[in-house]
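The values are calculated or read from the model by the stated rules, or taken from the named source; none is laboratory data. What you see is a predicted model, and the numbers here were worked out from it, not measured in a lab. Cβ atoms come from the backbone with ideal geometry, glycine included; neighbour counts cover every protein chain shown. Ligands, DNA and RNA are excluded from the accessible area calculation, which covers all protein heavy atoms including side chains. Shrake-Rupley method; radii C 1.70, N 1.55, O 1.52, S 1.80 Å.
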Amino acid sequence: MDPNQKLFPDSIDTIVKEYLGGKTIGELAEQWGVHKSSIRRVLRDRKIKPRIGRPKRPPPPERKCHKCGEVKPLEEFANHKGFPGGKDYRCKLCANRMRNDRRLRKVFGISQDQYDELFKKQEGKCAICGREEQTIDPRNKLPRRLSVDHIDTDQGPKIRGLLCQKCNVSLGNFHDDISLLLKAIDYLKTNGG
């Protein structure tokens with residue numbers, strides 16, 4: 001193919017229409033039997049900026065999660081501009097699990113698996129009242145997770161169990177003081193609680 005080969009004026013309009021219709025410079029050069037530089041020259045003369053890179057393909061309807069290995073619909077992946085297709089490479093469930101694991105390790109020194117084991121041992125219920133969590137998270141409109149009840153020691157946090165939001169706040173308000181709790185019990189007994 002000769003880069004100096006001239007194109008006829010009537011073919012130039014067709015080339016421009018086909019390029020604007022989605023054909024690449026390479027496809028047009030092959031179709032018209034000319035060098036790519038000839039096509040670029042035609043586009044430059046018509047003040048048409050060449051497309052850089054390949055045409056964008058629509059993202060596939062599903063993706064395989066890099067963490068759990070399951071193939072899931074794209075709706076189950078968080079939006080993320082930095083990744084191909086604009087979606088995270090981990091499903092929302094795995095991403096949340098990893099985020100929770102990081103927080104549990106940092107704050108309480110336990111892993112998500114250890115939390116799950118404790119949750120299973122307590123049958124998903126509060127260690128004090130024996131009920132499932134009733135408080136709704138305002139962000140996602142789902143019940144909150146059971147709170148990790150712990151004591152801060154010199155060796156780090158010592159986990160006592162999982163509590164619902166109400167029991168956890170109540171213990172905190174009594175400052176883990178057994179004598180205050182006993183006074184509260186006496187108060188309830190004497191005042192018809």
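Search region 158-176 for residues being outside any helix (DSSP H, G or I) and out of contact with any helix residue (DSSP H, G or I) (no Cβ under 9 Å at 6 or more places or on another chain), and hand back the single one that is farthest from LYS120 (Cα to Cα).
Within region 158-176, the first condition is being outside any helix (DSSP H, G or I), and the residues that meet it are 158-164, 174-176.
Still in the running and out of contact with any helix residue (DSSP H, G or I) (no Cβ under 9 Å at 6 or more places or on another chain): 158, 160, 164, 175-176.
Values: LYS158: 19, ARG160: 15, CYS164: 15, HIS175: 27, ASP176: 25 Å.
The residue in question is HIS175.
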Per-region count, region 133-146, residues closer than 20 Å to LEU93 by Cβ, surrounded by 12 or more Cβ atoms within 10 Å (Cβ to Cβ) and of a type outside the set (Lys, Arg): 5
Search region 83-110 for residues being within 15 Å of PRO157 (Cα to Cα) and surrounded by 17 or more Cβ atoms within 10 Å (Cβ to Cβ), and hand back the single one that is nearest to the chain's Cα centre (by Cα). LEU104
Which one of these does CYS65 not meet: (1) in contact with a helix residue (DSSP H, G or I) (Cβ under 8 Å, 6 or more places away or on another chain); (2) open to solvent by 40 Å² or more (accessible area, probe 1.4 Å); (3) over 23 Å from ILE151 (Cβ atoms)? (2)
Before we move on, is GLU123 among the acidic types (Asp, Glu) and surrounded by fewer than 12 Cβ atoms within 10 Å (Cβ to Cβ)? yes
